[in-house]
Amino acid sequence: KTERTCAMIKPDAFLNAGKIVNAIVRSNLRINQLRMCKLTQQEAAQFYAVHSERPFYPKLVDFMSSGPILAIEIVGEDAIAKWRSLLGPTNSETARAERPDSIRAKFGTDNTMNAAHGSDSDETATTELDFFFGSGRVGQCANLS
Ligand code: CMP
């Protein structure tokens, strides 16, 4: 079915955003909306609230608020699974071993700095797209410090 998913190019891969956007387009997925912004610590904490009890949460929040990001609404047939397949395994080190052609293998560093995000379900996609593109959208202009 036609799905919408929320992709996010993380601060570690920001300078490779062009290549990642190219990979999306080449895979027969469409970009419907795209925004560059910078998340505050509070906003990053909100985006990843589901992980708040995990030991890596503080590090993740620091990382995600450390620089500009691109939020992207991707639309297409099986977009959620297709985008997650393009991303590869969560840990970029694992990705380099198992899926050397994947985005996380090529542009990420480790388990936290892993280049990009993708929604894991229709429900999460709706919440995440609303976070970046809804009327109460979040994230300050990335060009302002
Ligand atoms: P993402 O797909 O954006 O969803 C949650 C993020 O938390 C994940 O990518 C990683 O950046 C980070 N993460 C997930 N698991 C771990 C882990 N075991 N150790 C450190 N960071 C993690």
**Report entry** Condition met for Arg84 (within 14 Å of the chain's Cα centre (by Cα), of a type outside the set (A, V, I, L, M, F, W, C), within 12 Å of the ligand (Cβ to nearest atom) and closer than 19 Å to Ser121 by Cα)
**Finding:** yes
Report task. Scan (1) crowded, with 18+ Cβ neighbours inside 10 Å; (2) among the β-branched types (Val, Ile, Thr); (3) in contact (Cβ under 8 Å) with a residue 24 or more places away in the chain; (4) part of a helix (DSSP H, G or I) for the single condition Val61 breaks and write down its number. Result -> (3)
Query raised in the report: In the range 97-110, which residue that is in contact (Cβ under 8 Å) with a residue 24 or more places away in the chain and outside any helix (DSSP H, G or I) is nearest to the ligand (Cβ to nearest atom)?
Result: Gly108
Requested in this report: State all residues of the range 1-53 that are surrounded by 15 or more Cβ atoms within 10 Å (Cβ to Cβ), in a helix (DSSP H, G or I), free of Cβ contacts under 8 Å to residues at least 40 places away in the same chain and more than 11 Å from the ligand (Cβ to nearest atom); if no residue qualifies, say none.
Outcome: Ala45
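With respect to Asn32, determine if the residue is on the phi > 0 side of the Ramachandran plot and not hydrophobic (A, V, I, L, M, F, W, C).
Numbers: on the phi > 0 side of the Ramachandran plot: no; not hydrophobic (A, V, I, L, M, F, W, C): yes.
Against the criterion (on the phi > 0 side of the Ramachandran plot and not hydrophobic (A, V, I, L, M, F, W, C)), Asn32 does not qualify.
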Report summary line: All-but-one check, Thr94 against (1) polar (S, T, N, Q); (2) part of a loop (DSSP other than H, G, I, E, B); (3) free of Cβ contacts under 8 Å to residues at least 60 places away in the same chain, failing number (2)
Query raised in the report: Somewhere in the range 86-109, is a residue within 18 Å of Leu129 (Cα to Cα), surrounded by fewer than 18 Cβ atoms within 10 Å (Cβ to Cβ), touching a Gly at 6+ places or on another chain (Cβ under 8 Å) and of a type outside the set (S, T, N, Q)?
Result: no
Query - Positions within the range 54-67 being closer than 16 Å to Lys10 by Cα and either more than 15 Å from the ligand (Cβ to nearest atom) or among the basic types (Lys, Arg) (or both), in sequence order - result: Lys59
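Any read-out appearing in this document is the output of simple, stated calculations on the displayed coordinates, not a laboratory observation. Keep in mind the model is a prediction, meaning the values are calculated, not measured. Positions of Cβ are generated from backbone atoms using ideal geometry, with glycine treated the same way; all protein chains shown enter the neighbour counts.
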